[in-house]
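Data block below; observations after.
Values in this text are rule-based calculations from the coordinates and carry no lab data. Just so we're clear, the structure is a prediction, and the values are computed from it rather than from any experiment. Cβ sites come from the backbone with ideal geometry, for glycine too, and all protein chains shown count toward neighbours.
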Amino acid sequence: MQKGIIFLTVVALGIGVLVWLLPERPESNDIPPHILLHDIGSETRFFSTDHIASMLIGRDPSLQLIDVRDQETYNKFHLPGAVNIPLKDILQEDNIDILSGEEQQHVFYSNGTIRANQAWVLTKRIGMKNTFVMQGGLNHWIETIMNPPYPPSSAPSQAFELYDFRVAAGSYFRGETAAPVKKQQTPVKVVPRRKKKVTASGGC
Amino acid sequence: MGPLVPQGIISPEWDFIIALVIGIGFGFVLEGAGFSSSRNLVGLFYGYDFVVLRVFLTGGATAAVGILLMDYFGWIDIGQLYVQPTYWGAAIVGGLIMGLGFVTGGFCPGTSFAAASIGKMDALMFVVGTFLGAFLFGETYPLIQNFVNSGNEGGIKIYDSLGMSRGSFTFLLIIVSVGLFYFVPVIEKKVRKPEY
């Protein structure tokens, strides 16, 4: 019995010394490349312009728009409530603090999609979870919200509802007072958001 | 290659099934080790039975060694493991409530289910109390919300706070464990186990 205990003690201490002497690999919170590739391929990072418009009109506090263009173009025009974080400054500490907040959905936009996508990849790479991209950027915003095309007469009724919404939203963002659309509807389908990862927690 | 779920090798939808299987195994071992008896459990507080301490220290040291070795072999990426964030105030208050419940009720949440499954009435009552407590917490959450969420330190680790390397901390943990395994029988001999 006593021999057994001494044997176990020696084994435990031996393993301890072994673990102590093991070379340590640095811990990294970076997202592995193959997962990043999968995320780049999936469409879940996109917010449609209609969705953004309805969130802005509804003053949804969970939305934080991030304008990744430079200061000058931001000053000329930007979406309401957007903050300006130029792409080159995105890794500055203050900006990372803004972007890593878990309560809000941080949606990048630029004129097109390219720079917003670059910002998204950078933030994903350093492990941020709540960053998204506005689909099509400001160009698409102008095309869909500010100057929506009238749907062809053969289009389904949803297309007309969407058109009505876009016209109403456009006049809202232009600051017009009277709504030209009689029937106020919100036909915008909510883009499914990614579920928060639920991690099993321990306990005895 | 690991951890399997965060890397998407096993999809998160399996979480509950995996949890069920591990939970059944855990309960089986708890019951087998005599953890369904509140006399064994509260012995820790009175000093006549340190089986809880032994099991937890062994479990902790074994898991630490296993994770470090698996990281060394490249089987698991420690940086990808989820670490529960530390909230100092809430952790201290929660720990006090938990300890009070443990010593008066005779179980901790996991062992109460193990004991309830073999039909112990006190454990069943304990389980009911657990749900009552969870309900109360939910109902009073708006009042205590600020305190519960205050002082989030993030997923900090002891060895970082102590400025040690992972390996040397694990070595220290093993030394402390082995030392305690030799030391606690001395206490157990001095304290007479009460007769029931």
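Note on B:165-171: average number of Cβ atoms from other chains within 10 Å of each residue's Cβ is 6. Express the C-alpha Rg of the protein assembly as shown as a ratio against the empirical globular expectation 2.2 N^0.38 Å, rounded to two decimals. That ratio works out to 1.33. Peptide packing for A:3-14, B:155-166 was compared via the average number of neighbouring C-beta atoms within 10 Å per residue; ordered from the highest value, the list is B:155-166, A:3-14. Annotation note: trypsin sites (Lys or Arg not before Pro) in the stretch A:33-136 located in DSSP loop regions with a Cβ neighbour count of at most 16 within 10 Å are A:59, A:129. By the count of neighbouring beta-carbon atoms within 10 Å, fewest first, A:120, B:75, A:20 end up ordered B:75, A:20, A:120. For the listed residue pairs B:157/B:190; A:3/B:190; B:120/B:189; A:129/A:189; A:3/B:120, the alpha carbons are over 31 angstrom apart in B:157/B:190; A:3/B:120. Compactness check for the stretch B:85-156: Cα Rg over 2.2 N^0.38 Å is 1.28.
What are the semi-axes of the equivalent ellipsoid of chain A, taken as the square roots of 5 times the eigenvalues of the Cα gyration tensor, listed largest first and rounded to whole Å?
Those come to 50, 20, 14 Å.
Within 10 Å of the Cβ of each residue in A:9-18, the mean number of Cβ atoms contributed by other protein chains is 5.
Using the alpha carbons alone, the radius of gyration of chain B stands to its Kirkwood radius in an Rg to Rh ratio of 0.98. Only one residue of B:80, B:25, B:175 has its Cα farthest out toward the positive end of the dipole of chain B, where Lys and Arg carry +1 and Asp and Glu -1 on Cβ, and that residue is B:175.
First select every other residue whose beta carbon is under 12 angstrom from the beta carbon of residue A:76; then total the charges, Lys and Arg +1, Asp and Glu -1.
-2
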